[in-house]
1. Within segment B:485-499, track down each residue that is assigned to a loop (DSSP other than H, G, I, E, B) and surrounded by 12 or more Cβ atoms within 10 Å (Cβ to Cβ).
2. Here are A:Thr352, A:Thr325: which of them is β-branched (Val, Ile, Thr), within 16 Å of the chain's Cα centre (by Cα) and crowded, with 24+ Cβ neighbours inside 10 Å?
3. With the structure loaded, tell me whether B:Thr483 is under 29 Å from B:Asp163 (Cβ atoms), of a type in the set (Ser, Thr, Tyr), more than 10 Å from every other protein chain (Cβ to nearest Cβ) and in contact with a His (Cβ under 6 Å, 6 or more places away or on another chain) or whether it fails that test.
4. Hey, any hits in segment B:79-93 for a residue that's part of a helix (DSSP H, G or I) and free of Cβ contacts under 8 Å to residues at least 12 places away in the same chain?
5. Return the residues of segment B:1-47 that are of a type in the set (A, V, I, L, M), out of contact with any Lys or Arg (no Cβ under 8 Å at 6 or more places or on another chain) and either modelled with pLDDT under 95 or surrounded by fewer than 14 Cβ atoms within 10 Å (Cβ to Cβ) (or both); say none if nothing qualifies.
6. Hey, among the residues in segment B:217-244 that are crowded, with 20+ Cβ neighbours inside 10 Å and out of contact with any strand residue (DSSP E or B) (no Cβ under 9 Å at 6 or more places or on another chain), which one's nearest to B:Leu261 (Cα to Cα)?
7. List the number of the failed condition for B:Gly302; all other conditions in (1) more than 7 Å from every other protein chain (Cβ to nearest Cβ); (2) at positive phi; (3) in contact with a strand residue (DSSP E or B) (Cβ under 9 Å, 6 or more places away or on another chain) hold.
8. Suppose we filter segment B:176-200 for residues that are out of contact with any Ser or Thr (no Cβ under 7 Å at 6 or more places or on another chain), assigned to a loop (DSSP other than H, G, I, E, B) and within 13 Å of chain A (Cβ to nearest Cβ); how many remain?
Protein chains: 2
Amino acid sequence: MTDREVRRDVRARRAGAVARDIAPAARATAYRQMVNPYAPLRVFSDDQVEHIHQCALAILEDSGIRVLLPQARDYYSDAGALVDSEEFMVRIGRDIVARALASAPSVVRIAAGDPARNVVIGGRNVAVVPVSGPPNVSDRIRGKRAGTLADYEDFVRLSQHFDVIHILGPSVEPLDVAPNLRHLLTVQAQLTLSDKVPFVFSRGTPQVCDSFEMIRLARGLSEEQFRGGVHCYTNINTNSPRQLDVPMSQGIIDFAREGQLAVITPFTLAGAMAPITVAGALTLAHAEALAGITLAQLVRPGAPVVYGGFTSNVDMRSGSPAFGTPEYAKAAFGTGQLARHVGLPWRSSNATASNVADEQAAYESAMSLLGAFMGGCNVLIHGAGWLEGGLTASLEKFILDVEQLQMYAEMFQPLLASDEDLGLDAIAGTPPGGHFFSTPHTLARYRDAFYVPLVSDWRNYGQWVESGSLTAGERATEIWQRTLAQFTAPPRDAAATAAMEAFVHRRSAQGGAAPVS
Amino acid sequence: MTDREVRRDVRARRAGAVARDIAPAARATAYRQMVNPYAPLRVFSDDQVEHIHQCALAILEDSGIRVLLPQARDYYSDAGALVDSEEFMVRIGRDIVARALASAPSVVRIAAGDPARNVVIGGRNVAVVPVSGPPNVSDRIRGKRAGTLADYEDFVRLSQHFDVIHILGPSVEPLDVAPNLRHLLTVQAQLTLSDKVPFVFSRGTPQVCDSFEMIRLARGLSEEQFRGGVHCYTNINTNSPRQLDVPMSQGIIDFAREGQLAVITPFTLAGAMAPITVAGALTLAHAEALAGITLAQLVRPGAPVVYGGFTSNVDMRSGSPAFGTPEYAKAAFGTGQLARHVGLPWRSSNATASNVADEQAAYESAMSLLGAFMGGCNVLIHGAGWLEGGLTASLEKFILDVEQLQMYAEMFQPLLASDEDLGLDAIAGTPPGGHFFSTPHTLARYRDAFYVPLVSDWRNYGQWVESGSLTAGERATEIWQRTLAQFTAPPRDAAATAAMEAFVHRRSAQGGAAPVS
């Protein structure tokens, strides 16, 4: 028989089988702590990785990096780096970098509001962060528009709901909130609508201090307790090529000083702000990441950091950034090798350049996820909802991405292969041309044997047409609407929340804190 | 800066850069022979693989497989297998299987009409076959309908056009052609519209003999020359569990006798015609594949065979087959391990259960491709255009799949990392915060640095809206229409073609050959 004839045969035979009468129970999933069992894919030999590392060290030593914040230059200078106070160039000796890498922890444990939501970053663990930072939001009902606090809150709700999202992110920028109040209201939304690990923007020390205080109040932590553990994180982007600006340098210092996590991510587009080759862009990115990581360790040896990578290529016809390309995946594999070479957890991204949550968005995200997960990443930022090269947070894309994330989480589950799992008795006991629907081996397992999808529709064509011929994107609309409508915030300590909200009220009345740029 | 701010910054900076003035040249691609450089992903330990192999041998030895064709039973019996002539059960000793595996070639070379289209199957080589066998066809213009010869020919044209498709497939069933003539007209279409390797259905010896004769005539080969090389292939599905039917057994014999390639593929749906566990379904599939491969080797030691795997799971709520699931990917990784364990090339599939070429089709295909390519497959059947669990061949899905296939082909290209590739001079020579658009390193490479997509639209949102806000699926319609409109058949020997067509004419006048079932 051909595949197709077999397929038809299966349909015919199952009509008389027990499957039609059974319905699976709710499945226990293990999405809260994803552990990747696969050996990471590699694009470089070990020698090439070491050579790129040495080239990056030479770049930092010979050419240096421009650091715009005087205080940051002082840290480097005190450690023995050569600082040019006119050009702000900092040349960092490889011994300084080596000491920094020796003191940076290889595994970071972050405390959430609910201990069951605590996250381990490093090793084979994988943590997912949703879309982070677009100015726009879009969905199929309301179209594309500027982000608001209400949208931000909706993304916190969705991020809280799905177990496969482990850490909160700045989802969409609430442009309806004054810049000096945004940190207060976004951190408040995270601490009241979710018990997952919150994100804090690095937009200057005053905002960071406010945010830390809110977390201490909401979590009931003393300053010492806060400093003694990791309770939040920020993302630091270098200004490629070879520059650390004021808020980013300040963010590294603020977070290191308080022992909070900084994900340090050069954003290197091959052919634009980085060499046109993937290997060249990775060399530059590696140098920049090492410079930022070194600063954190100079501020506080042992400060938690994550080695971030965000390397893609531009479309050489238009200069537009492209994401989820083959080059992007190869860059991800290579970044993972470099991060492991220096013994640090690695952050990657789920990216696409598509302007709409369509088939392109799906396959570009699939390619990004392949690069990230099969490259062995520990933190995936922009994990759900990122669209249009990061200019839009999409609600449908969020749901479609959650489906792909859950599929990876399931693929990470071990494949059981004991003799009982192999079902040898069932095989011996089922006659040629028969079926396994009613064997004891099947009946003992059918309720939770397989992944139950969020969006995918596996019904036959006739049933699918009868139910309205909805595409996956259209079904995603129903899912985010239903999820938001049914959302209930997790329980929280009333007094602690009140104290945090009183702080927000007081600081708001004082005018908040302007972002530093 | 946040990722988003960096992103905006890139857009602003590139406005003044040279990129806007340059247009890439046509890129030389290496899609005609894909070679996979990545280490295959694994779900089993070596011990587990060996244990599953031993369990499969025990199944063949103790329980056996039912073989419906007397001639096939005779081959097994002559080799020492125990044959029950009432139940048609054949119990095959492990020594017989071991001898068969020792004689089966690990690499198969297939000759195409144009030697530049010859295909190597095995090792790290990857060959792609389009959708194979659905009764229906669909596209956005004409909707879903029964397949015709005209549709079949269109798929041959598309398969010929794209270099990332290496081998022809039975695409869609031409239901407007009488069953006794279908083999003649489909093989004729392949030999006149394409110079790639043709597919031959195993629907009984008379049809197979006709098809072989057509290939000999069109390629100008004597019977001896034909038998001395591999010039076509077929796909053999077992009737899981544990049964080989008449046309499939006959196909194995017919192809082995003439030295042509048989891809032997058990189709095992975990929870339906196979144990509900992936490991159990693979154990059964392995036993069935070994039975078929053994038959081929008993007919002619050294006969070219491919170890086929097509294991997925059913939806336990409805009994519907599911494809491109996490279980599907794990099954693919495991199948690859089993195929390598017995030293044979491995065939996998690009499958989805979606009823339409939408986001679900894209991400389920992405998961199938991950299982296949990152599991190390050598032949990918249903590579482009398979929809609705194999019941429909979709023209848009074909184009969207070609994009994903090309992305993998590019990802398989080595990542160059010489010192010149790293662009160390460009990095040293580009000031902090500058750009690389006009460095000599960029200018020497920009014309062909990156993959140029087939479907993906990387323009910004405004440009995309201005051009009609088309989704990737809608753009795919334009692409298949344009490709078909511009198609030119490859050159071929006029006399040989005339001889082949005369044969078709004569055999058609004689009534062709009825399929055997």
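The values are calculated or read from the model by the stated rules, or taken from the named source; none is laboratory data. Owing to the predicted nature of the structure, the values given are computational and were not obtained by experimental measurement. Virtual Cβ from ideal backbone geometry, glycine too; neighbours counted across all protein chains shown.
1. Residues of segment B:485-499 assigned to a loop (DSSP other than H, G, I, E, B): B:486-493.
Hits for segment B:485-499 are B:Phe487, B:Ala489, B:Pro490, B:Arg492, B:Asp493.
2. Values: A:Thr325 fails: within 16 Å of the chain's Cα centre (by Cα).
A:Thr352 is the lone residue from the list that is β-branched (Val, Ile, Thr), within 16 Å of the chain's Cα centre (by Cα) and crowded, with 24+ Cβ neighbours inside 10 Å.
3. So B:Thr483 passes the test.
4. The answer is no, given that none of the residues of segment B:79-93 is part of a helix (DSSP H, G or I) and free of Cβ contacts under 8 Å to residues at least 12 places away in the same chain.
5. The initial filter retains those residues of segment B:1-47 that are of a type in the set (A, V, I, L, M), namely B:1, B:6, B:10, B:12, B:15, B:17-19, B:22-23, B:25-26, B:28, B:30, B:34-35, B:39, B:41, B:43.
The next check asks that each one be out of contact with any Lys or Arg (no Cβ under 8 Å at 6 or more places or on another chain); those that pass are B:1, B:6, B:10, B:12, B:15, B:17-19, B:26, B:28, B:30, B:34, B:41.
Selection gives B:Met1, B:Val6, B:Val10, B:Ala12, B:Ala15, B:Ala17, B:Val18, B:Ala19, B:Ala26, B:Ala28, B:Ala30.
6. Checked segment B:217-244; the qualifying residue nearest to B:Leu261 (Cα to Cα) is B:Phe226.
7. Tallying (1) more than 7 Å from every other protein chain (Cβ to nearest Cβ); (2) at positive phi; (3) in contact with a strand residue (DSSP E or B) (Cβ under 9 Å, 6 or more places away or on another chain), B:Gly302 fails exactly one: (3).
8. Total satisfying the criteria: 1.
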